[in-house]
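Asker: What follows is a structure written as structure tokens; I'll ask about it next.
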Amino acid sequence: MTADLTASALPGQPFIAYQGSDLRVEGVRLADLARTHGTPLFVYSKAAMLSALAAYQRGFAGRQAQICYAMKANSSLAVLQVFADAGCGFDIVSGGELARVLAAGGDPAKVIFSGVGKTRAEMKQALQVGIGCFNVESEAELDVLSEVAVSLGKQAPVSLRVNPNVDPKTHPYISTGLKGNKFGIAHESAVQVYQHAASLPGLKVVGIDCHIGSQITDTTPYLDAMDRILDLVAAIESAGVPIHHIDFGGGLGINYNGDTPPEADALWAQLLAKLDARGYGQRQLMIEPGRSLVGNAGVCLTEVMYLKPGEQKNFCIVDAAMNDLPRPAMYQAFHQIVAVSPRQGEAVAYDVVGPVCESGDWIGRDRQLVVQAGDVLAVLSAGAYCMSMASNYNTRGRAAEVLVDGDQAHLIRQRESAFDTFALEQLVG
């Protein structure tokens, strides 16, 4: 088989394309970025992020809706800045993420604080800057949040995350809406818990929240979850607790390997039709997309260090590793891997692996590649849950990051040195 990738856009990634024999992000040659900044290197397309966001904005045209970027997907400051400048709020899950939002110029009034284990210090921090809403996930958390708010002379705006027991048909590690998951309040208990929340002096009930999982490629789970949440809204309001906004979370998937998720505007056309049919079309809506805004906007560049033939497997050893790209090791996730400057010749099946001392340190299995040592590969769909989950395992510095805007490339994170990885440590004596 001969490699011939010299004149095509990549599936699902219109801003990452071959022009002649060069892979480019927007107008910038990736080979040039690898030479300038070294590898591993994450490169993001600003146009791709804004294009993905525009699909949601089209879907919500004419509605009362707030899009809050789920920043755990990629929390780099310049990425947050792109979405803040575009009018987005943010979905956060820690006090550290709140600090990042503020550093990037985000509006705290557009922040939703999710997560099952908020500390008192994080609650206080969020109340002091005036965030928009806490998504509360247990009755015990309600009591603590009320206590913290009263101590500050404030009322905390709250929405309860309800677990609708809907199967999102995705990987079990990223499924969050089933009875066996740690997230949310049981559907059957929701009315009673809402009444309890409304009775607490430090809380103001403002909404209801639902998030069933991630990398969802089918509309059916969303439609099922919406029905169950709207049933609850009716029951909660009948019990005397008004609901001002309805939050449907995020979770829409992207194309990693021939996946066919609906476009965001097409998905929301169906959801809004159901919302209208049930009489809730004029409610304030909140959503928290993450992966679908940034996943296909990013690539990770990595250099081929060695080719190692074997009796059962051929290995292509690259300088990116599981600490840079943790999704394959964590979820057995698939990322397309292509050459930045394709060669002609017979392709060979390789397992693409990193230098970390773990058998789980692999990037892709059985990939047909025409490569030599020194070539640069691009690991695609690397904009979400890669850099934000990166570590310093094996005392490896985290990669540099570049944001491309048209024909301009901006270094947005410097590469960590070995010294950076232990700068906060000290010897004893």
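Asker: Go ahead and estimate [θ] at 222 nm for the chain from helices alone: -39,500 (n - 2.57) per DSSP H run with n ≥ 4, summed, over the residue count, rounded to 500.
Answerer: -8000 deg cm²/dmol
Asker: Using Cα-Cα distances under 8 Å and only pairs 6 or more residues apart, what relative contact order does the chain have, in percent?
Answerer: Numbers: 982 pairs, mean separation 87.0, N = 429.
The normalised contact order for the chain reaches 20 percent.
Asker: Roughly what % of Cα-Cα distances in the chain sit above 27 Å, to the whole percent?
Answerer: Tail of P(r) above 27 Å: 54 percent of Cα pairs.
Asker: Return the ratio Rg/(2.2 N^0.38 Å) for the stretch 277-361, where Rg is computed over Cα atoms only.
Answerer: Compared with the compact-globule rule of thumb, the stretch 277-361 sits at 1.64.
Asker: Express the C-alpha Rg of the stretch 358-429 as a ratio against the empirical globular expectation 2.2 N^0.38 Å, rounded to two decimals.
Answerer: Cα-based Rg divided by the globular estimate yields 1.46.
Asker: Hey, another quick one. Based only on other Cβ atoms within 10 Å, what is the fewest-to-most ordering of V206, V402?
Answerer: The order, fewest Cβ neighbours first, is V206, V402.
Asker: Related question: Could you state the number of Å between the C-alpha centres of the stretch 243-257 and the stretch 212-226?
Answerer: Answer, in whole Å: 8.
Asker: What size of dipole, in debye to the nearest 20, comes out for the chain about its Cα centre when the only charges are +1 on Lys and Arg C-beta atoms and -1 on Asp and Glu C-beta atoms?
Answerer: Details: 33 positive and 44 negative charges, 83 e Å.
I would put it at about 400 debye.
Asker: For the stretch 294-429, report the translational diffusion coefficient in µm²/s to the nearest whole number, using Stokes-Einstein at 10 °C, 1.306 mPa s, and a Kirkwood Rh over Cα pairs.
Answerer: Roughly 100 µm²/s, to the nearest whole number.
Asker: Work through the residues other than M226 whose Cβ is under 10 Å from its Cβ and net out their charges, Lys, Arg +1 and Asp, Glu -1.
Answerer: For residues surrounding M226, the net value is 0.
Asker: How large are Rg and Dmax for the stretch 194-325 when only the alpha carbon atoms are used, in Å?
Answerer: 21.9, 70
Asker: Just want the ordering: F422, F315, from fewest to most Cβ atoms lying within 10 Å of their own Cβ.
Answerer: F422, F315
Asker: With r defined as the distance between the Cβ atoms of Q284 and R343 and R0 fixed at 56 Å, what FRET efficiency is calculated, to the nearest 0.05?
Answerer: Efficiency, from the Cβ-Cβ distance: 0.55.
Asker: Nearest 0.05, what FRET efficiency do E188 and A266 give at R0 = 41 Å with Cβ-Cβ as r?
Answerer: 0.80
Asker: Which of the listed residues, V205, A186, V233, is farthest toward the dipole's positive end in the stretch 114-289, when Lys, Arg count +1 and Asp, Glu count -1 at the beta-carbon?
Answerer: V205
Asker: Related question: Among the GluC sites (Glu not before Pro) in the stretch 301-405, which ones are in a DSSP loop with at most 10 other Cβ atoms within 10 Å of the Cβ? Mind listing them?
Answerer: When the GluC sites (Glu not before Pro) of the stretch 301-405 are filtered for loop state and at most 10 Cβ neighbours within 10 Å, E311 remain.
Asker: Rounded to the nearest 0.05, what FRET efficiency do S417 and N257 give with R0 = 35 Å and r taken as the Cβ-Cβ distance? Could you check?
Answerer: That gives a FRET efficiency of 0.50.
Asker: While we're here: For q = 0.20 Å⁻¹, what log10 I(q)/I(0) does the stretch 10-108 give under the Debye formula with an equal point scatterer on each alpha carbon and no solvent?
Answerer: These q points yield log10 I(q)/I(0) values of -1.05.
Asker: Right, something else. In degrees, nearest 10, range 0 to 90: what is the angle between the Cα axis of helix 139-151 and the longest Cα principal axis of the chain?
Answerer: The helix 139-151 is inclined about 80 degrees to the chain.
Asker: Let me ask something additional. So, in the chain, how many Lys pairs have Cα atoms under 24 Å apart, if the pair is 8 or more places apart or on different chains?
Answerer: Summing the qualifying lysine pairs gives 23.
Asker: How large is the translational diffusion coefficient of the stretch 114-289 in µm² per second when you combine the Kirkwood radius over alpha carbon pairs with Stokes-Einstein at 37 °C and 0.692 mPa s?
Answerer: Stokes-Einstein gives a translational diffusion coefficient of 197 µm²/s.
Asker: Follow-up. Based on DSSP, what percent of beta bridges with both residues in the chain are antiparallel, to the nearest 5?
Answerer: 50
Asker: Let me ask something else. Using 0.36 nm per residue of separation minus the Cα-Cα distance, give me the extension gain between A17 and T395 in nm, one decimal. Display every interim value, and only then the final one.
Answerer: Numbers: separation 378, 0.36 × 378 = 136.08 nm, distance 3.39 nm.
Gain in length upon complete extension: 132.7 nm.
Asker: If you don't mind, there's one more thing I want to ask. Roughly how far apart, in whole Å, are the Cα centres of the stretch 37-74 and the stretch 75-141?
Answerer: Between the Cα centres of the stretch 37-74 and the stretch 75-141 lies a distance of 17 Å.
Asker: For the chain, take the longest principal axis of its alpha carbons; what is the angle in degrees between that and the long axis of helix 46-59, to the nearest 10 within 0 to 90?
Answerer: Computed tilt is about 30 degrees.
Coordinate-derived values only; no laboratory data. Note that the structure is a prediction, hence the values are computed from the model and not measured. Glycine also receives a Cβ, built like all others from the backbone with ideal geometry; neighbour counts cover every protein chain displayed.
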